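The values are calculated or read from the model by the stated rules, or taken from the named source; none is laboratory data. If you're wondering where the values come from, they're calculated on a predicted model, not measured in any experiment. Here Cβ is always computed from backbone atoms with ideal geometry, including for glycine, and neighbour counts include all displayed protein chains.
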Amino acid sequence: MQTHEKLVKLAEQRGLHLGNQITPAHRAALERLSRLQGPAFTRDYLRHTMAALEQQRARFQVAQTLDDPNVAQFAKDSLPDIDTRLAVTRAVYDSQVAAVP
């Protein structure tokens, strides 16, 4: 089962519904990124992705300390994947953006 599917199931078990609407902040980021091209797009997209993953990681670190054992376990199980995606994104950023004079 995919991480998102596990999250949806966990939420449903608690009577919660995860919406599928894009937030105004995400819509603004999407619109800003859609106007960029080439190196500017790559730079901003990777920065946005790293910031989102860092925020997600911080939230999941907190979630793994919650009293609900299922939520805590979900967060604990998800952190390695978040760390991997963050490390890969940083490596791409370092090779494609930071290394360019």
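Numbers at a glance
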| read-out | value |
| --- | --- |
| Considering residues of segment 59-78 that are hydrophobic (A, V, I, L, M, F, W, C) and closer than 19 Å to GLN2 by Cβ only, the residue farthest from the chain's Cα centre (by Cα) | VAL71 |
| Of all residues making up segment 58-68, the number that are surrounded by 11 or more Cβ atoms within 10 Å (Cβ to Cβ) and outside any helix (DSSP H, G or I) | 3 |
| Sole exception among (1) surrounded by fewer than 11 Cβ atoms within 10 Å (Cβ to Cβ); (2) at pLDDT below 95; (3) assigned to a helix (DSSP H, G or I); (4) of a type outside the set (Gly, Ala, Ser) for GLN55, by number | (2) |
| Selected residue (only one of THR84, THR42, THR89, THR49 is in a helix (DSSP H, G or I), of a type in the set (S, T, N, Q) and farther than 27 Å from LEU7 by Cβ) | THR42 |
| Residue within segment 27-47 that is of a type in the set (S, T, N, Q), at pLDDT 95 or above and surrounded by 14 or more Cβ atoms within 10 Å (Cβ to Cβ) present | no |
| Test: GLY15 is loosely packed, with under 13 Cβ neighbours inside 10 Å, modelled with pLDDT under 95 and either at positive phi or touching a His at 6+ places or on another chain (Cβ under 7 Å) (or both) | yes |
| Near pairs, Cβ below 6 angstrom, 6+ apart or cross-chain, from segment 84-99 (more than 15 Å from GLN56 (Cα to Cα)) to any residue that is β-branched (Val, Ile, Thr) | GLN96/THR42 |
